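See below for the structure under consideration.
The values are calculated or read from the model by the stated rules, or taken from the named source; none is laboratory data. Because the structure is predicted, anything quoted here is derived from the model rather than measured. Here the Cβ positions follow ideal geometry from the backbone for every residue, glycine too, while neighbour counts run over all protein chains shown. We work out accessible area using only protein heavy atoms, side chains counted, and drop any ligands, DNA or RNA first. Shrake-Rupley method; radii C 1.70, N 1.55, O 1.52, S 1.80 Å.
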Amino acid sequence: MPQKTFQKKTITFKRPNLVDFHQGAAWWLARCFVVIAIIIYFAANFSGNVELKTAALSVGLTNLIIIVVDFQRSLFGKIDNLRSTVLSCKDEIKNAISSLNPPSFEDYTEMRQDLQEILKDLSSKDGISLSFIAVAMRYSWPMIEDNIDFLLEQCPKGTAISIEVAMVDNSYLADKQLFDWAEESEKTDSKIKLFRDRYAKELNEDKSIKLNVYHYNNLPHWHGILINNEILFLGRTDWRFKEGESIPYFYVGQTKYRLFKQDDNVGGGERIKKFVNWFKYYTTSNNN
């Protein structure tokens, strides 16, 4: 995924200057009329000529209003320009913040297409390594079965497809009264046995498939798929507490997934490191 770069944008605020707003002949003529009107007003006031004084006052106020209105119009124009600049910067900031979030998928079904595209792209290179932290592999194991033949065809000779699965032991799920998940886990165990039989040659002779399955006793907060130690589809588990249900429902593949890469700018490297550490913990002998 190409990395996004952001250019710093500087906004310069300039103090309004009357000359900057308008320098047309009409504006300067209005100023002259105001000055002349002031002179005539004081002269008329000194001589006691009321009519001349009133006329001077009228001319002066009229032209003063023209100046004020013109100034106001020009000032509003500057304010509108400044407002447009601020709104533009606001959109850029919003887009920059959005780009700092990793790509996300509403659930496993939405994620699967991107996952398969990445596997197909990598399969023609140096082999594939897949590490799973899962509850029962309800969604991921069918994905493996659906794609394994294609991956075997695409992978270069002498390379292997490495599959390592860490999933919750079905007896532990049953102890937690998560009977649906316990059943799913048991089904996956049966499917894995059939898989070993079907691909016995690739597993035992050709060594084109490496398969290790571990069972651990825990309900993971995080789960996901790590590809070649570089690309991570990471999800979170969740609970639904519903009135009238004695046991809350445990959500796994129906929750949001996020895509991280080792070299992304959203902390992907750190997330992958944590995933690897938890995988090691779940697959050590004293935890499975």
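A few notes on this one:
- For the stretch 105-260, the fraction of 1.4 Å probe accessible surface lying on carbon and sulfur atoms is 43 percent.
- Peptide ranges 124-130, 155-161 listed from the most packed, as the mean C-beta count within 10 angstrom indicates: 124-130, 155-161
- Residues whose amide H lies under 5 Å from that of Tyr214, counting only those 5 or more places away or on a different chain, are Val165, Ala166, Met167; hydrogens are built 1.01 Å from N in the peptide plane.
- Sites matching GluC sites (Glu not before Pro) across the stretch 191-267 that sit in DSSP coil, with at most 11 neighbouring C-beta atoms within 10 Å: Glu205, Glu243, Glu245
- For Phe279, neighbours were defined as the other residues whose beta-carbon sits under 13 Å from its Cβ, and their charges (Lys and Arg +1, Asp and Glu -1) total +3.
- Dipole magnitude for the stretch 163-288: computed about the Cα centre from +1 point charges on Lys and Arg Cβ and -1 point charges on Asp and Glu Cβ, it is near 300 debye.
- Spacing of the two label points (7 Å from each Cα toward its C-beta) at Lys120 and Asp146, in nm: 1.2
- Projected-area mean, the stretch 143-288, by convex hull of Cα positions, square nanometres: 10.5
- Taking each residue as 0.36 nm, the span from Ser162 to Tyr249 lengthens on full extension beyond its C-alpha to C-alpha distance by 28.1 nm.
- Cleavage-rule hits, trypsin sites (Lys or Arg not before Pro), the stretch 175-274, DSSP coil, Cβ neighbours within 10 Å at most 16: Lys176, Lys207, Lys242, Lys256
- Overall dimensions of the stretch 127-183 as given by Cα atoms, namely Rg and Dmax in Å: 14.6, 46
- Solvent-accessible area per residue for the stretch 200-265 (1.4 angstrom probe, square angstrom): 56
- Rounded accessible area per residue of the stretch 126-191, 1.4 Å, Å²: 43
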